[in-house]
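*Asks:* This is the structure, below, for whatever I ask next.
The values are calculated or read from the model by the stated rules, or taken from the named source; none is laboratory data. Remember, predicted model here, so these are calculated numbers, not experimental data. Note: ideal-geometry Cβ built from the backbone for every residue, glycine included; neighbour counts use all protein chains shown. For accessibility, only protein heavy atoms count, side chains too; no ligands or nucleic acids. Shrake-Rupley method; radii C 1.70, N 1.55, O 1.52, S 1.80 Å.
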Amino acid sequence: MIGGGLAGLSSAVALAESGFRVRLFEKRPHLGGRAASYVLPGGEHIDNCQHVTLGCCTNLEDFYRRADAAGKIKFYDRLLFAAPDGRRGVMAASVLPAPLHLAASFTLFPLLSWADKFAIARAMLAIARHGGRPRDLWPADSSNDAGEITMLAWLRKHRQTERAIRRFWEVILVSALDEDLDRTDARHGVNVFWKAFLSTRAGYRVGIPQVPLGDLYDGCKQSITRRGGEVLLRAGVRGFRVSANRIDGVDFEDGSVGTADYYLSAVPQDILPELLPGEVVAREPAFANLVKLRTSPITGVHLWFDTMVMTEPFLTLLDSTVQWVFNKTKLYGGSAESRGQYLQLVISASYGLLPRSRQDIIALCLKELRDVLPATRDAVLVKGTVVKETSATFSPSPGSDQWRPAQNSSLPNLFLAGDWTATGWPSTMEGAVRSGYLAAEAILRDAAMPGKFLQPDLPPEGLARLWSRPS
Ligand SMILES: Cc1cc2nc3c(=O)[nH]c(=O)nc-3n(C[C@H](O)[C@H](O)[C@H](O)COP(=O)(O)OP(=O)(O)OC[C@H]3O[C@@H](n4cnc5c(N)ncnc54)[C@H](O)[C@@H]3O)c2cc1C
């Protein structure tokens, strides 16, 4: 297994549990890949960026259970939104069944007008009535291809108001898919709404780790080593050896060579072609086309204040550059009496911030925080760090799914995992774990050993279940 992110780890744990002796090689000194944490020179543990899961992420939940980390994730069912004028709105489920569970808080939501709400309800109905697959995106007659349109074009087609787009659809989808609405495939956007907000009552619940991300993976290592496997850090792979259309070894950066019955690549999509011989990449479209998967950025801003500035665990900002504010002190269980406070701000699809300086970005964030968290006006910023991930995720742009290869490759003993492989999911931790489980199942099939790891989606409930039955 090459790569110790969530794709490699989930596959490794699944195969170790199935009786394989797994050797996992990770280039960095820690596990977790993009969903990792590290220690700053001052001793603070910081996540590469805040990572959240949703109630609908069934495979990630299963993986955390296998890795003995499920108890370290806390789920929240109350979402708090803040506008720059200081007003706030809450979304929380009532006792009504899906897809009406959020209807009451939506009706009372003060940051949208009635015209916005009617427009949103109409689009939601268009999604829900067809079990999450509206006919204009998934035509009943598959020969009549609906074409690939952007989420923004689909919203305009469904007559959404500008404020509904800005204060509702954009707020949720840009963070969930890490892409602007005019660059997002409408099918991915609609899928998020169906799975997270419409089909079940629990799908929208936000799960946040109560520990630094790196602490979630201790159980994986134990699960692999207990069964005779190995997890090697600072163990970069330089390349795969290919002969007679099969992998017959890997060259490590330290000059050694390793061989195995099966090889699993769980590295990002831009790294894999560098590890394969040029002629293999050139002749296999699945490898050659990986350059066509574009990427999008995420910027994380870490701020330490001398005093408490926020009481809520997290907050979603409307009409602002900053999209989410996480109260890390509270999320890590810091007491209300803690003197200082550590906040982590997240900006997805942060194209506009890439050319800006660190000081500039911190100044912009502080200005926006003053509107929504008045206590920051008098607080002293003790320290600030900006982490720009220029290629945080692959961009779920229209047509991008055609460049995502399956977990079986054209080299019979090489299998692929990674959030960018064909999973049907966008670039998320759930997508990475799905790919890991699918790759493990593919290896088991090849070894003629039955095994199933992929978890089904949460079954639709209430009216959503009725509407999702095939007509
Ligand atoms: C800033 C940011 C915020 C995000 N927020 C969220 C979120 O809130 N929720 C969510 O669900 N998802 C989020 N994501 C996406 C999520 O992190 C990824 O989808 C997921 O972690 C990808 O896992 P992976 O295993 O496919 O790839 P990676 O995590 O990239 O793992 C690949 C691994 O391969 C290793 N590797 C590379 N080359 C070699 C080599 N030659 N030899 C050995 N090892 C090698 C790398 O070091 C790395 O550890 C975020 C991503 C970023 C960057």
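*Asks:* Take residues that are of a type in the set (S, T, N, Q) and open to solvent by less than 60 Å² (accessible area, probe 1.4 Å) and tell me which of the strands (runs of 3 or more DSSP E) falling wholly in the range 214-289 contain 1 or more. Steps first, answer last, please.
*Replies:* Details: elements: 230-232, 237-243, 246-252, 263-265.
Because the criterion is at least 1 residues that are of a type in the set (S, T, N, Q) and open to solvent by less than 60 Å² (accessible area, probe 1.4 Å), the strands (runs of 3 or more DSSP E) in the range 214-289 that meet it are 237-243, 263-265.
*Asks:* Could you check the range 405-445 and list, in sequence order, the residues that are buried (at least 24 other Cβ atoms within 10 Å of the Cβ) and either of a type in the set (Lys, Arg) or at pLDDT below 95 (or both)?
*Replies:* Residue satisfying the conditions is Arg434 alone.
*Asks:* Sticking with this one: Select from the range 153-182 the residues that are under 24 Å from the mean Cα position of the chain (by Cα) and β-branched (Val, Ile, Thr) and write down the one among them that is farthest from Ser350 (Cα to Cα).
*Replies:* For the range 153-182, the residue satisfying everything is Ile165.
*Asks:* Sticking with this structure for a sec: Please pick out the residue among Gly418, Gly451 that is within 16 Å of the ligand (Cβ to nearest atom) and more than 24 Å from Trp138 (Cβ to Cβ).
*Replies:* Selected residue: Gly418, the only one of Gly418, Gly451 that is within 16 Å of the ligand (Cβ to nearest atom) and more than 24 Å from Trp138 (Cβ to Cβ).
*Asks:* Strands (runs of 3 or more DSSP E) wholly in the range 304-402 with at least 1 residues that are open to solvent by 30 Å² or more (accessible area, probe 1.4 Å) and more than 30 Å from Asp182 (Cβ to Cβ) - which ones?
*Replies:* The qualifying strands (runs of 3 or more DSSP E) are 381-394.
*Asks:* Just to be sure, is Gly32 within 13 Å of the ligand (Cβ to nearest atom), of a type in the set (Gly, Ala, Ser) and assigned to a loop (DSSP other than H, G, I, E, B)?
*Replies:* Yes, satisfied.
*Asks:* So which residues in the range 173-196 are open to solvent by 30 Å² or more (accessible area, probe 1.4 Å) and not acidic (Asp, Glu), if there are any at all?
*Replies:* Within the range 173-196, Ser175, Ala176, Arg183, Arg187, Asn191, Lys195 qualify.
*Asks:* Continuing with this model, one more query. Considering only residues that are touching a Gly at 6+ places or on another chain (Cβ under 9 Å) and of a type in the set (A, V, I, L, M), look in the range 386-414 and name the one that is farthest from the ligand (Cβ to nearest atom).
*Replies:* Going through the qualifying residues, I end up with Val386.
*Asks:* Also, I was wondering about something else. Taking the residues in the range 192-238 that are among the β-branched types (Val, Ile, Thr) and away from the ligand (no atom under 16 Å from the Cβ) as candidates, determine which candidate is farthest from Leu102 (Cα to Cα). So that I can check it myself, show each step before the final result.
*Replies:* Initially, the range 192-238 is screened for residues among the β-branched types (Val, Ile, Thr), giving 192, 200, 206, 208, 211, 224-225, 231, 237.
From what is left, the residues that are away from the ligand (no atom under 16 Å from the Cβ) are 200, 225.
Numbers: Thr200: 11, Thr225: 45 Å.
Out of the qualifying residues, it is Thr225.
*Asks:* Please enumerate the residues belonging to the range 340-364 that are touching a strand residue (DSSP E or B) at 6+ places or on another chain (Cβ under 6 Å) and of a type in the set (S, T, N, Q).
*Replies:* Matches in the range 340-364: Gln341, Gln344, Ser348, Ser350.
*Asks:* Suppose the filter is open to solvent by 30 Å² or more (accessible area, probe 1.4 Å) and more than 16 Å from the chain's Cα centre (by Cα); does Arg205 pass it?
*Replies:* Numbers: open to solvent by 30 Å² or more (accessible area, probe 1.4 Å): yes; more than 16 Å from the chain's Cα centre (by Cα): no.
For Arg205, the condition - open to solvent by 30 Å² or more (accessible area, probe 1.4 Å) and more than 16 Å from the chain's Cα centre (by Cα) - is not met.
*Asks:* Can you tell me which residue is farthest from Val325 (Cα to Cα) among those in the range 37-56 that are open to solvent by less than 20 Å² (accessible area, probe 1.4 Å) and more than 7 Å from the ligand (Cβ to nearest atom)?
*Replies:* Cys56
*Asks:* Filter the range 93-122 down to the residues that are open to solvent by less than 30 Å² (accessible area, probe 1.4 Å) and of a type in the set (A, V, I, L, M) and list them by number.
*Replies:* Ala98, Leu102, Leu111, Leu112, Ala119, Ile120
*Asks:* Something else now. Yes or no: the range 77-87 includes at least one residue that is open to solvent by less than 30 Å² (accessible area, probe 1.4 Å), within 21 Å of the chain's Cα centre (by Cα) and near the ligand (Cβ under 10 Å from one of its atoms).
*Replies:* Within the range 77-87, none of the residues are open to solvent by less than 30 Å² (accessible area, probe 1.4 Å), within 21 Å of the chain's Cα centre (by Cα) and near the ligand (Cβ under 10 Å from one of its atoms).
*Asks:* Taking the condition more than 16 Å from the ligand (Cβ to nearest atom), charged (D, E, K, R), assigned to a loop (DSSP other than H, G, I, E, B) and more than 30 Å from Arg129 (Cβ to Cβ), does Arg21 pass?
*Replies:* yes
*Asks:* Residues to consider are Gly19, Gly5, Gly71; find the one that is buried (at least 17 other Cβ atoms within 10 Å of the Cβ) and at pLDDT 95 or above.
*Replies:* Gly5
*Asks:* Return yes or no: is Leu31 in contact with a strand residue (DSSP E or B) (Cβ under 6 Å, 6 or more places away or on another chain) and over 30 Å from Glu368 (Cα atoms)?
*Replies:* So Leu31 fails the test.
*Asks:* Would you pick out the residues in the range 1-18 that are closer than 23 Å to Phe394 by Cα and in a loop (DSSP other than H, G, I, E, B)?
*Replies:* Selection gives Met1, Gly3, Gly4, Gly5.
*Asks:* Do we find a residue being over 23 Å from Gly424 (Cα atoms) and within 14 Å of the ligand (Cβ to nearest atom) anywhere in the range 95-103?
*Replies:* no
*Asks:* Oh, and also: Look through Ala126, Ala153, Ala104, Ala196 and report the one residue that is more than 30 Å from Ser37 (Cα to Cα), touching a helix residue (DSSP H, G or I) at 6+ places or on another chain (Cβ under 8 Å) and in a helix (DSSP H, G or I).
*Replies:* Ala153
*Asks:* Go through the range 54-88 and give me each residue that's part of a strand (DSSP E or B) and of a type in the set (A, V, I, L, M). Quick ask: steps written out before the conclusion?
*Replies:* In the first step, residues of the range 54-88 are kept if they are part of a strand (DSSP E or B); the result is 54, 73-76, 78-82, 88.
Those that are part of a strand (DSSP E or B) and of a type in the set (A, V, I, L, M): Leu54, Ile73, Leu79, Leu80, Ala82.
*Asks:* A follow-up question, please. Mind checking whether some residue in the range 131-145 is surrounded by 19 or more Cβ atoms within 10 Å (Cβ to Cβ), in contact with a strand residue (DSSP E or B) (Cβ under 7 Å, 6 or more places away or on another chain) and under 22 Å from Val171 (Cα atoms)?
*Replies:* So far as the range 131-145 goes, no, none of its residues is surrounded by 19 or more Cβ atoms within 10 Å (Cβ to Cβ), in contact with a strand residue (DSSP E or B) (Cβ under 7 Å, 6 or more places away or on another chain) and under 22 Å from Val171 (Cα atoms).
*Asks:* Hey, another quick one. Which numbered condition in (1) open to solvent by less than 70 Å² (accessible area, probe 1.4 Å); (2) within 20 Å of the chain's Cα centre (by Cα) is the only one that Arg34 fails?
*Replies:* With (1) open to solvent by less than 70 Å² (accessible area, probe 1.4 Å); (2) within 20 Å of the chain's Cα centre (by Cα) applied to Arg34, the lone miss is (1).
*Asks:* Which residue is farthest from Lys74 (Cα to Cα), if the candidates are limited to the range 186-243 and must be of a type in the set (Ser, Thr, Tyr) and in contact with a strand residue (DSSP E or B) (Cβ under 7 Å, 6 or more places away or on another chain)?
*Replies:* In this case the residue turns out to be Thr225.
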